[in-house]
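To start, the structure itself, in structure tokens.
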Amino acid sequence: MLKGKKILLGITGSIAVYKTAFLVRDLIREGAEVKIIMTKDATNFVTPLTFSTLSKNKVHTELFNEGLWENHVLLARWADIFLVAPATFNSIAKMASGICDNLFLTVYFSLQCPTIVAPAMDDDMWKQPAIVKNIQTLKNRGVIFLPVGKGELASGLSGEGRMCEPEMIVNFLNEFFLSTKDFIASKVVISAGPTQEAIDPVRYISNHSSGKMGIAIAEEFYKRGASVTLILGPTNEPVTQGITTLNVTSAEEMYNSVMNFSTEADVLCMAAAVADYTPEQVAIQKIKKSGDSLQLQLKKTRDILHALGVKKASHQTLIGFALETENEADNARKKLSEKNADMIVMNSLRDTGSGFGFDTNKIVIFEKNGKEASFPLQSKKEAAKDIVDFIHRYRHE
Ligand code: CTP
């Protein structure tokens, strides 16, 4: 599958370098061409001789070698993909801040191809605000990050920060070369799932949204190279690692979180089932049973989609969702114009297999320019692909 693919591999100084030897063996077995750059620290863990033997190519370590200059631009231009494995805390920091003091970094800053990074570090370092910020900076520039593993670490401690297993990296590369990367360097913000509006410390108002549709859209964008921020209401649905996920509970928290990330976004996709009303007062203590009925006074929540529509910038595409039970098309068109959205994805609870909790969905997309498209009942993953295809076409016509 990787036959003929030109993989430029950057190896930086971590104990996980030993795993990269297996990775190189596997990449060669898959038919890839592999050229390798090692930092000085990386060569302390495994020798360049091991890697040149495995890759059947010279290993590049120095910008200047025996009075000769290493042509970093040619190396960078040669590659279909730049893979950094393992990527240390220090190298990630330098990539993020523009420090260019070795051959590896000089090549990185001359690249014309996508970069995929497999970090490796100790659990405590992995959680440092500095690395979290540097990774986000690089993601915003289109760098793709592979997840780290959990388990035994070189320090003897156990936690997060292990470099992704070679087999997983090879699988990722296979998928990467198969799929279209039409959202590289795009920033996408997605809301998904229900919200919970507290009544008292033990009760809340919510709805049946599972978040599956919004999560499928987030994953589709991520696969296609976007930097994705998912603002997710309470759900047990798993989310692919690599997607920045912010868990929120109430409509108010969702509003604040989406607004926080909205200015930078190119695409805003509001798939959440946000509560329209929330209790005016949240009782501090559990409300005790008394009398035959109970009245709750509710107040309107802020409409996130509407607020985004009001301040929409010219580079932004705004997508809303509409789950309807009657007058579906009219209601969807009304939402499209009232909320200044570019697109409304509508589904009807009257269609069997559509809506809350199902793995399938039957959608109709209404565009601002009057176009409409209906899709058959399909998996939410397939529907997500159609939605993202639509958004791509809309942004480029
Ligand atoms: N929405 C939102 N914030 C809210 C309510 C809704 O961002 N407070 C968004 C939803 O995420 C969805 C769209 O608005 O993308 C439509 O939501 P929906 O509940 O179908 O419509 P409403 O505008 O709330 O109108 P109604 O409930 O009367 O159908």
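All of the numbers you see were taken from the coordinates with simple rules; none came from a lab. None of the values given here were measured: they were computed from a predicted structure. Ideal geometry is used to build each Cβ from the backbone, glycine not excepted, and the neighbour counts take in all protein chains shown.
Taking the simple approach of a point 7 Å from Cα along Cα-to-Cβ for both GLU160 and THR352, what is their distance in nm?
Here the answer is 4.3 nm between the modelled labels.
Could you pull out the chymotrypsin sites (Phe, Trp or Tyr not before Pro) across the range 239-332 that fall in loop regions by DSSP (anything but H, G, I, E, B) with no more than 13 other Cβ atoms inside 10 Å?
none
Counting other beta carbons within 10 Å of each Cβ, put HIS306, HIS72, HIS392, HIS208 in order, fewest first.
Least crowded to most crowded, the residues run HIS208, HIS306, HIS392, HIS72.
So how far, in whole Å, is the C-alpha centre of the range 63-135 from the one of the range 304-330?
40
With a/c under 1.5 counting as rounded, go ahead and sort the range 6-178 into rounded, prolate or oblate using the C-alpha gyration tensor (a ≥ b ≥ c being the square roots of the eigenvalues; past the cut-off, prolate if a/b is larger than b/c, else oblate).
It is rounded, given that a/c, with a ≥ b ≥ c, falls under 1.5.
Using all C-alpha to C-alpha distances in the chain, build P(r) with 10 Å bins and read off the rounded percent in each one.
With a bin width of 10 Å, the distribution comes to 5, 21, 26, 21, 16, 8, 3, 1, 0, 0.
Which ³J(HN,Hα) values in Hz, rounded to whole numbers, follow from the phi angles of the range 258-264 under the Karplus curve 6.51 cos²θ - 1.76 cosθ + 1.60, where θ = phi - 60° and Gly and Pro get x?
Listing the rounded values in order: 4, 4, 4, 9, 6, 4, 6 Hz.
How far, in nm, would the chain grow between LEU68 and MET259 when pulled straight, counting 0.36 nm per residue and subtracting the alpha carbon separation?
Additional length available on full extension: 63.5 nm.
Of LYS5/LYS133; LYS56/LYS139; LYS299/LYS339; LYS311/LYS335; LYS58/LYS133, which ones are farther than 23 Å apart at the Cα?
LYS5/LYS133; LYS56/LYS139; LYS58/LYS133
Mind giving me the FRET efficiency for ASP123 and ASP200? R0 is 30 Å, r the Cβ-Cβ distance, nearest 0.05 is fine.
On the way: r = 38 Å, r/R0 = 1.27.
Between ASP123 and ASP200 the formula returns 0.20.
For the chain, what's the relative contact order in percent, using C-alpha pairs closer than 8 Å and at least 6 residues apart?
Relative contact order here is 11 percent.
List PHE145, PHE375 from most exposed to least, where exposure is judged by having the fewest other Cβ atoms within 10 Å.
PHE375, PHE145
Using the Karplus curve 6.51 cos²θ - 1.76 cosθ + 1.60 with θ = phi - 60°, work out ³J(HN,Hα) for each residue of the range 275-286 in order, rounded to whole Hz, and write x for Gly and Pro.
4, 7, 9, 9, x, 5, 10, 9, 5, 6, 10, 4
For ILE184 and MET1 in the same chain, what is the full-extension length gain: residue separation times 0.36 nm, less their Cα-Cα distance, in nm?
Working: separation 183, 0.36 × 183 = 65.88 nm, distance 2.21 nm.
Stretched fully, the ILE184-MET1 segment lengthens by 63.7 nm.
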